[in-house]
Structure formats: C-alpha cells, structure tokens
Amino acid sequence: MYTFSKKSLHLQERLSGFMNEHIYPNETVYAEQLKNAENRFAPLPLMDELKERARAEGLWNLFVPKSHAEHCAHGGLTSVDYAPLAEMMGRVIWSPEVFNCNAPDTGNMEVLMNYATEAQQQQWLTPLLNGEIRSSYAMTEPQVASSDATNIELKIKKEGDEWVINGRKWFITGAMYELTKIFIVMGKSDPENPDRHLQQTQLLVPKDTPGIKLVRPLTTLGYDDAPIGHAEILFDNVRVPLENILLGEGRGFEVAQSRLGPGRMHHCMRLIGAAQRSLELACQRATSRSTFGRPLSKHQSIREDISKSFSEIEMARLLLLKTCDKMDKQGVPASVDMIAATKTTIPFLVQKLIDRCIQIHGAGGLTEDYSMAEAYNYARWCRQADGPDQVHHMSLGKQIIERYG
C-alpha cells in the first residue's frame with residue numbers, strides 16, 4: 001500500500017475543492033469561448049482568470065520534483081505524491097494548464113531545470129514557471145519512423161558562431177498556441193558518428209526566429225486540441241547562436257531519454273483521472289436510464305462492464321504508484337522496466353475502458369456533451385506519444401528475457 005505525505009494530502013484536498021468550485025462549473029464556458037474565438041489557438045479569457053486563481057491559492061507548479069524544490073512554493077513533490085494530483089487534473093482535459101502542469105511544458109521545464117545554463121534558465125525557465133509563456137518539444141518527423149529516435153533527419157550544422165537548422169517536424173504539441181515562445185529542437189549534428197546515440201543535439205530555438213514556418217495544424221481523430229494544438233513545422237535555414245545548445249553537442253539523445261520517462265508517467269496519471277471520471281459518468285447513466293422495462297443498472301452486461309472498469313482502474317493506479325515509487329527511490333534510469341510496463345498498459349487499458357463507458361451512454365457518448373470522446377482521443381494518441389507501444393514492448397521484453405532467461 002502506498003501512502004501520501006501530509007503535504008500531498010493537503011494539496012489533494014485543496015485541489016479537489018478548486019476543481020469542484022472553478023473547473024467543473026466552467027466546462028461549458030470553456031467550450032463556448034473556444035467555439036466563438038476568432039483564433040482557436042489564442043489564449044482564452046477563462047484560462048487567464050483561472051490561472052490567477054490557482055496561483056493565488058498556491059496550486060501552481062505542482063509537478064516540480066523535490067530535487068528542484070527551489071523552483072516552487074510548495075517545496076517540490078515526489079512522483080508518488082504528485083500522482084493523485086495529476087489524476088485529479090486529468091478528469092478535465094484542459095485543466096492541467098490552469099495549474100501550470102500541462103504537457104509539453106512540464107517536461108520542457110524539467111529539461112531546463114536539469115540542463116540549461118543560468119542564462120538560459122533566466123530567459124526561458126523563469127517565464128515558463130510563471131506561466132507567462134508556453135513551449136514545444138520538436139522531435140517527431142514525418143519522413144522517418146520516429147519511433148526510433150536515432151532516425152531523425154533534421155540537420156543541425158555549425159557555421160561560425162551559429163547553428164543552422166534545416167528540416168521538418170510534425171505533431172509538435174503547443175506549436176500552434178499563441179503563447180508558445182520557445183522550441184526545444186532535436187536534430188542531427190554529427191550524422192556520421194558510429195555511435196547512433198551521439199549523433200543528435202538539442203537546441204533552444206525561439207518561435208519567432210526567421211525561417212520557421214508553421215505549415216499546418218494537425219488533428220487526432222478529428223480533434224485539433226486547440227488552443228494548444230499540434231503542428232507540422234518547417235525549419236528553413238533557421239539560425240540560432242551557439243550558446244543555445246542544451247547540455248552539449250552530441251548529447252541530444254541523453255536529454256530526450258531523461259525527459260520522456262517522467263513525461264510518460266504524467267500522461268498515465270492524467271489518463272487514470274479520465275478513466276475514473278468516465279466510470280462515474282457510466283454509473284450515473286446506468287441509474288438514470290431504463291431499457292426493456294428496467295434501469296440499465298439492473299442489466300447483467302452493464303454490471304459486468306462497471307465491475308471490469310472498476311478493477312482495471314485500481315490495477316492501473318497500483319501499477320503507476322509502484323513505478324513512481326521506484327523512480328523516487330532508484331531514479332529514472334533504474335526504473336525503465338516499470339516505466340515501459342506502465343506506458344504500454346495504462347493508455348491501452350484506459351482506451352478500452354472509456355470505449356465501454358461511451359457504449360453505456362449510447363450515441364450521446366460520442367458527442368461533446370460528455371468528456372469521454374475527447375478523453376478517448378487522448379488515450380489513443382498516448383499510445384503513440386513518447387514512443388509507440390511496440391517500441392516499449394520490444395525494449396521491456398528484451399530486458400525481461402535477459403533477466404530471467
């Protein structure tokens with residue numbers, strides 16, 4: 001059994017109250033403001049208002065780990081202590097930004113905490129922590145199988161006192177958002193290096209740098225995820241100073257690996273919240289509708305679906321907490337087995353579970369009248385994001401065979 005610290009329990013109580021008072025009652029308002037916005041990728045007035053409230057109530061930067069306690073008022077949390085908070089936020093897909101805890105910014109801020117110079121932190125980390133700007137992580141490419149990150153082809157070339165960047169990226173979360181001001185870009189600076197994991201470099205590239213073109217917004221199952229969005233981006237002779245490098249030349253893969261582990265867990269935390277809410281909605285539906293002369297809740301098939309869903313959420317939560325506990329005690333590199341197990345299990349489990357809950361709602365479950373269709377989309381793309389399931393299964397299977405074979 002995993003227990004939470006007094007700090008986490010206190011924050012859970014306050015966050016739950018905030019969700020009840022300010023998030024759930026504003027879901028319709030949020031949808032209306034987004035629908036009526038002249039620019040779907042501009043910040044919404046409601047979001048600005050809610051951010052101020054969250055900051056004033058001390059519910060800000062909750063993701064910041066204990067190792068970087070100086071960057072937050074609450075002193076930082078372990079992964080175990082943060083998990084129930086992220087789960088709560090995951091119940092409403094847009095709410096993490098209210099607390100400055102949304103992807104991809106949390107992962108990008110951790111990269112800047114771990115690898116940025118003091119000058120880079122002052123320029124980019126501080127305004128990100130303050131919620132003044134947003135950021136993107138540009139890694140995936142359309143021309144190659146980016147499931148193998150060593151395949152990326154974007155070219156990074158040193159010319160004088162500048163890096164010159166040429167290439168194309170896509171599904172870059174946050175790139176469409178007007179508040180996004182900085183990209184962390186991964187490309188190849190040494191493509192002939194015999195060690196494929198030393199060919200890559202990561203650079204800080206301001207969004208307004210000449211040569212950057214937002215080619216188009218992209219959708220997943222019809223959702224454009226506005227106002228944050230995902231984009232295809234062209235880098236055409238984009239130039240940034242040499243000092244915009246992160247960690248060092250040829251160390252881009254190292255940065256990527258350290259970033260993606262905690263990020264995968266944050267997605268899983270939020271997905272459990274989406275699953276829990278879907279189950280609750282399904283139970284409410286089952287008690288409020290009748291078919292063939294009796295409530296849905298009296299039908300055996302409905303009870304079986306509810307039972308399976310409850311058990312799966314409990315299993316997912318325990319798997320996630322076990323992984324978080326190992327990360328807290330042994331670090332990310334020693335926890336790659338559990339991270340892979342969690343990443344491959346929870347998005348797929350949640351996708352199937354939400355599908356079940358949608359079915360209980362009939363045709364209405366497919367509409368925006370409920371949270372489930374968008375949550376289903378989130379679960380489905382999480383099976384691709386931060387590495388597709390197949391890659392993690394392949395890596396985990398290899399580890400397990402070596403361990404016991």
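Quickly work out the residue 400-to-residue 5 label distance, labels modelled 7 Å from Cα along the C-beta direction, and quote it in nm with one decimal.
Taking the two extended label points, one gets 3.3 nm.
In sequence order, what are the phi-derived ³J(HN,Hα) couplings for region 301-312 according to the Karplus relation 6.51 cos²θ - 1.76 cosθ + 1.60 with θ = phi - 60°, rounded to whole Hz, with x for glycine and proline?
Calculated HN-Hα couplings, in order: 5, 5, 4, 5, 4, 5, 4, 4, 5, 4, 5, 5 Hz.
What is the distance, in nm, between label points placed 7 Å from the Cα along the Cα-to-Cβ direction at residue 35 and at residue 148?
4.7 nm
Between residue 352 and residue 368, what is the label-to-label distance in nm when each label sits 7 Å out along the Cα-to-Cβ direction?
3.1 nm
Hey, what do the phi angles of region 167-172 turn into as Karplus ³J(HN,Hα) couplings, whole Hz, using 6.51/-1.76/1.60 and θ = phi - 60°, x for Gly and Pro?
Taking θ as phi minus 60°, the curve returns x, 10, 10, 8, 6, 8 Hz for region 167-172.
Express the relative contact order of the chain as a whole percentage, based on alpha carbon pairs under 8 Å and six or more residues apart in sequence.
On the way: 659 pairs, mean separation 58.3, N = 405.
Normalised by residue count, the contact order of the chain is 14 percent.
List the residues of region 35-56 whose backbone N lies under 14 Å from a point placed 7 Å from the Cα of residue 73 along the Cα-to-Cβ direction.
Only 51-56 pass the distance filter.
So in the chain, what percent of DSSP beta bridges are antiparallel if you round to the nearest 5? All intermediate terms of the calculation are to be shown ahead of the outcome.
Numbers: 31 of 38 bridges.
Counting DSSP beta bridges with both partners in the chain, the antiparallel share is about 80 percent.
At most 14 other C-beta atoms within 10 Å and a DSSP loop state: those are the exposed chymotrypsin sites (Phe, Trp or Tyr not before Pro) I care about. Give me the longest piece of the chain that has none. Write out the running numbers ahead of the final one.
Numbers: sites that count: 2, 292.
Longest run free of exposed loop sites: 3-291.
Relative to the longest principal axis of the chain, what angle (0 to 90°, nearest 10) does the C-alpha long axis of helix 27-36 take?
On a 0 to 90 degree scale, this one is about 50.
Hey, what does the equivalent ellipsoid look like for the chain, semi-axes from the Cα gyration tensor as sqrt of 5 times each eigenvalue, largest first, whole Å?
35, 24, 22
Angle between the Cα long axis of helix 79-89 and the longest principal axis of the chain, 0 to 90 degrees, nearest 10?
60 degrees
Report the gain in length on full extension from residue 221 to residue 126: 0.36 nm times residue separation, minus Cα-Cα distance, nm rounded to one decimal. Please list the in-between numbers first.
On the way: separation 95, 0.36 × 95 = 34.20 nm, distance 3.48 nm.
Length difference between fully extended and current span is 30.7 nm.
All of the numbers you see were taken from the coordinates with simple rules; none came from a lab. Quick caveat: nothing in here was measured; it's all calculated off a predicted structure. Glycine also receives a Cβ, built like all others from the backbone with ideal geometry; neighbour counts cover every protein chain displayed.
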